[in-house]
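**Q** If you scroll down you'll find the structure; I have some questions about it.
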Amino acid sequence: METTGKVIKCKAAVLWEAGKPFSIEEVEVPPPRAHEIRVKIVATGICRSDEHIVHGLLSRIKYPIILGHEGAGIVESVGEEVTGVKPGDKVIPLFLPQCGKCVCCRNPESNLCLKSTISAPQAEDEKIKFTCKGKLINRMAQISTFSEYTILDEIAFAKIDDNAPLDRVCLIGCGFSTGYGSAVNTAKVQPGSTCAVFGLGGVGLSVVIGCKVAGASRIIAVDINKTKFAKAKELGATDCLNPQDYDKPIQKVLKDMTNGGVHYSFECIGHVDSMVDALESSHPGFGTCVIIGVAPYTDKISFDPMLLLTGRTLKGSHFGGLKGKISVPKMVSDYMAKKFKLDELVTHTLPINKINEGFELLRAGESIRTILKF
Ligand code: PAD
Ligand code: ZN
Ligand code: ZN
């Protein structure tokens, strides 16, 4: 290819500092080194986790930064010693990589990788790849998909079906897999069970989809934004509740509706209070609560330990408990085989130049997922 081995100048959305809008800039992306590939990002979704970083709510993030972690693209060039992928192949970047060698990767029960920025944030410093106006620009989770071209380590992408529509399967890079995997994989929702889903954004609605595929008999969707209810019902929710419509706590409402509590509850908002509400909504003796939402790093959770002593299980789920290299290609083929709904999550599509408009839609509660295209 014409660009192989050369620095590429391309468009990216740079966040120069927390609390400011994105600036569309020309950035330089170097050629891939050994064990790396360079990818042309075709489509990328906007996730609430990006918005948390815009507002400085996550620890250990350095600015300026290029965000974006829910993308899909086409391999432009391949560094030395990379096997199993060639220019032209379609890939999904993995914000949670899979090195296959660390103690977590080797554990079949875990999907964490000790090479991820969540485990080893200092590793990111050595790997800054972008420059803009002579300055080094930090990356998000080693993938930064709000750039037309990005560099990926060989452990941080999954090769997918050549026929996959990138402006849909990009959601498998974060929101869809996180929600769906939390239901079918982390909670292991059983047929005939009852579920409560707190927060009906891209993640929560994907939990609803997962609970439905797993055969739950009752899926109770909870949100303070009633405009989310129609889509939740379309995707499988049997009941929709707005906590503001009740003069008793939402966990009491849920317990009264379900004979003492649900089998599975999921927190997909990122509020520590809602996490406790979700835990309390699960049935004593056998209920499981899964925390998915990301809370500001300054917030701490506090609850009566009796809630656990009486037989509830509290779990967390990062990327739906999925090992990306193995699970993402399979999720894409399952999508192509129409095993689950996903297109319904896309409410808006915008060019990357309108990224700030995309974030405004999220803030206003008007979008589920906005797809940005280059
Ligand atoms: P979103 O903002 O699209 O959805 C959140 C929903 O919660 C919205 O519909 C809100 O109206 C609703 N909500 C807000 N406050 C309340 C409340 N008090 N009670 C009920 N509902 C409320 O976000 P998203 O779906 O993109 O992400 C959800 C969370 O999951 C967020 O914290 C994000 O950072 C986190 C996340 N975690 C992972 C992971 O791997 N664990 C991956 C991706 C996203
Ligand atoms: Zn995300
Ligand atoms: Zn690993």
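The values are calculated or read from the model by the stated rules, or taken from the named source; none is laboratory data. Nothing here was measured: the structure is a model prediction, and the numbers come from that model. Note that we place each Cβ from the backbone using ideal geometry, even for glycine, and neighbour counts take in every protein chain shown. With ligands, DNA and RNA removed, areas are computed over all heavy atoms of the protein, side chains included. Shrake-Rupley method; radii C 1.70, N 1.55, O 1.52, S 1.80 Å.
**Q** Can you name every residue in segment 149-208 that is in contact with a helix residue (DSSP H, G or I) (Cβ under 9 Å, 6 or more places away or on another chain), among the polar types (S, T, N, Q) and buried (at least 24 other Cβ atoms within 10 Å of the Cβ)?
**A** Once the filter is applied, which keeps residues that are in contact with a helix residue (DSSP H, G or I) (Cβ under 9 Å, 6 or more places away or on another chain), among the polar types (S, T, N, Q) and buried (at least 24 other Cβ atoms within 10 Å of the Cβ), segment 149-208 yields 177, 178, 182, 186, 194, 206.
**Q** Separate question: Mind listing whichever residues of segment 320-336 are open to solvent by 70 Å² or more (accessible area, probe 1.4 Å) and without any contact (Cβ under 8 Å) to a residue 12 or more places away in the chain?
**A** Correct list: 330 only.
**Q** Given the criteria away from ligand 3 (no atom under 16 Å from the Cβ) and within 30 Å of residue 18 (Cβ to Cβ), does residue 89 qualify?
**A** Judged against the criteria, residue 89 is not a match.
**Q** Under 7 Å by Cβ, and 6 or more places apart or on different chains, what pairs join a residue from segment 300-313 that is within 16 Å of residue 260 (Cα to Cα) with one that is of a type outside the set (A, V, I, L, M) and open to solvent by 80 Å² or more (accessible area, probe 1.4 Å)?
**A** Pairs found: 311/286.
**Q** Quick one: is residue 156 within 16 Å of ligand 3 (Cβ to nearest atom), among the aliphatic types (A, V, I, L, M) and either at positive phi or at pLDDT 95 or above (or both)? Give the derivation first.
**A** Details: within 16 Å of ligand 3 (Cβ to nearest atom): yes; among the aliphatic types (A, V, I, L, M): yes; either at positive phi or at pLDDT 95 or above (or both): yes.
Answer is yes for this residue.
**Q** Could you tell me which residue of segment 349-372 is farthest from residue 182 (Cα to Cα), considering only residues that are open to solvent by 10 Å² or more (accessible area, probe 1.4 Å) and β-branched (Val, Ile, Thr)?
**A** 349
**Q** Let me ask something else about it. Scan segment 44-103 for residues that are away from ligand 2 (no atom under 15 Å from the Cβ), open to solvent by less than 50 Å² (accessible area, probe 1.4 Å) and among the charged types (D, E, K, R) and report the count.
**A** Within segment 44-103, residues that are away from ligand 2 (no atom under 15 Å from the Cβ), open to solvent by less than 50 Å² (accessible area, probe 1.4 Å) and among the charged types (D, E, K, R) number 3.
**Q** Under the condition of being more than 23 Å from the chain's Cα centre (by Cα) and open to solvent by 70 Å² or more (accessible area, probe 1.4 Å), which residue from segment 227-247 is nearest to ligand 3 (Cβ to nearest atom)?
**A** The extreme case among them is 244.
**Q** Could you check segment 255-296 and list, in sequence order, the residues that are among the charged types (D, E, K, R), touching a Gly at 6+ places or on another chain (Cβ under 6 Å) and more than 16 Å from ligand 2 (Cβ to nearest atom)?
**A** Let us first name the residues in segment 255-296 that are among the charged types (D, E, K, R), namely 255-256, 267, 273, 277, 280.
Those left that are additionally touching a Gly at 6+ places or on another chain (Cβ under 6 Å): 255, 267.
The answer is 255, and nothing else.
**Q** Can you work out which of the residues in segment 248-279 that are within 13 Å of residue 312 (Cα to Cα) and either more than 14 Å from ligand 1 (Cβ to nearest atom) or of a type in the set (Ser, Thr, Tyr) (or both) is farthest from the chain's Cα centre (by Cα)?
**A** 260
**Q** Go through (1) free of Cβ contacts under 8 Å to residues at least 60 places away in the same chain; (2) assigned to a loop (DSSP other than H, G, I, E, B); (3) not hydrophobic (A, V, I, L, M, F, W, C) and name the single condition residue 233 misses.
**A** For residue 233, the exception is condition (2).
**Q** Is at least one residue of segment 113-124 within 16 Å of ligand 3 (Cβ to nearest atom) and buried (at least 24 other Cβ atoms within 10 Å of the Cβ)?
**A** Checked segment 113-124: at least one residue is within 16 Å of ligand 3 (Cβ to nearest atom) and buried (at least 24 other Cβ atoms within 10 Å of the Cβ).
**Q** For segment 337-348, give me each residue that is surrounded by 14 or more Cβ atoms within 10 Å (Cβ to Cβ), farther than 22 Å from residue 96 by Cβ and not β-branched (Val, Ile, Thr).
**A** We begin by selecting, within segment 337-348, every residue surrounded by 14 or more Cβ atoms within 10 Å (Cβ to Cβ); these are 340-342, 345-348.
Next, only the ones that are farther than 22 Å from residue 96 by Cβ stay: 341, 346-348.
Listed by number, the residues that qualify are 341, 348.
**Q** Still on this structure, I have one more. Conditions: (1) within 16 Å of ligand 3 (Cβ to nearest atom); (2) touching a residue at least 60 places away in the same chain (Cβ under 8 Å). Residue 24 meets all but one. Number of the miss?
**A** So the condition that residue 24 fails would be (1).
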